[in-house]
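Asks: Below are the structure tokens for one structure; questions will follow.
The values are calculated or read from the model by the stated rules, or taken from the named source; none is laboratory data. From a predicted model like this one, the values you see are computed outputs, not experimental measurements. Don't worry about glycine lacking a Cβ; one is built from the backbone with ideal geometry, like all the others, and counts go over all protein chains shown.
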Ligand code: SF4
Ligand code: SF4
């Protein structure tokens, strides 16, 4: 048996698996009768790198992009959060225009791959995942009637999707690992799910988290690291995946400061003690006031 993790596709039918060298008969161009039909029924799941490319294209912050251009959904029964492109009430992508895609240069992975579906598969007992592809045939898409044959590999090159796969690879492997772990892991806590969301999609919040003193007190990272992630979204995003792997899967690659956990427990104890003393003081004042009121 094998495990797989599917990345975005827009169809529910059972696909035929294709190898990288397999040929597909397909072409898409502006003059085609169905031009824009796919974007008018868009169901586009985003990867972490898609978000960076799109928010930079639009010149907005990550927070603004998430708020105005995406909707969250649950990727599996454990509630692992995913992000999709927001559409209008008729299901049309907000980026489609009469001229085509208004963010074409930075369109998401799923849009580049279409009509090829993409999944990572891991054979039982294997440590390496392998890419597998399948063809999505939908009635509205007339590209399959065009007279052009192209291999999956050449199509990926033409659509410039390789850089996306390369950058998203670790994150996609993590999804595969989560899926392979099966039901024994169970539904993660709400805190873990929020942590997953932040590390995967919310680059602004991740930056605040990493630049925070309590992060610096916990992890052994040098000044160069902080200089880089303060400025560079991509480096930060890739670090977010490492952090996820370490925190949720115990794959330790980020050195933890010695005694960091003990120190945090001590600090927490101090805070709790201060809070306890403050509560005692408030209680005393209340009692004194009650006695004064009773005597007056
Ligand atoms: S991002 Fe562009 S290509 Fe993708 S669905 Fe929207 S308009 Fe179409
Ligand atoms: S050929 Fe397919 S992918 Fe191209 S515009 Fe038409 S529906 Fe969309």
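Asks: Only one of these is within 18 Å of residue 50 (Cβ to Cβ) and within 13 Å of ligand 2 (Cβ to nearest atom): 141, 101. Name it.
Replies: 101
Asks: Between 164, 155, which is within 16 Å of ligand 2 (Cβ to nearest atom) and in the same structural domain as residue 45 (by TED's automatic domain parsing)? If you could, list the steps in order and put the result at the bottom.
Replies: Values: 164 fails: within 16 Å of ligand 2 (Cβ to nearest atom).
Among 164, 155, only 155 is within 16 Å of ligand 2 (Cβ to nearest atom) and in the same structural domain as residue 45 (by TED's automatic domain parsing).
Asks: Could you check residue 186 against (1) at pLDDT 95 or above; (2) exposed (fewer than 14 other Cβ atoms within 10 Å of the Cβ) and say which number it fails?
Replies: Residue 186 satisfies all of (1) at pLDDT 95 or above; (2) exposed (fewer than 14 other Cβ atoms within 10 Å of the Cβ) except (1).
Asks: Out of curiosity, is residue 14 modelled with pLDDT under 95 and either exposed (fewer than 14 other Cβ atoms within 10 Å of the Cβ) or in the same structural domain as residue 193 (by TED's automatic domain parsing) (or both)? Steps first, answer last, please.
Replies: On the way: modelled with pLDDT under 95: yes; either exposed (fewer than 14 other Cβ atoms within 10 Å of the Cβ) or in the same structural domain as residue 193 (by TED's automatic domain parsing) (or both): yes.
Spelling it out, residue 14 is indeed modelled with pLDDT under 95 and either exposed (fewer than 14 other Cβ atoms within 10 Å of the Cβ) or in the same structural domain as residue 193 (by TED's automatic domain parsing) (or both).
Asks: Out of contact with any strand residue (DSSP E or B) (no Cβ under 6 Å at 6 or more places or on another chain) and within 16 Å of ligand 2 (Cβ to nearest atom) - does that describe any residue in segment 55-73?
Replies: no
Asks: Something else now. Working carefully through the options 9, 36, find the one that is modelled with pLDDT of 95 or more, surrounded by 16 or more Cβ atoms within 10 Å (Cβ to Cβ) and within 16 Å of ligand 2 (Cβ to nearest atom).
Replies: 36
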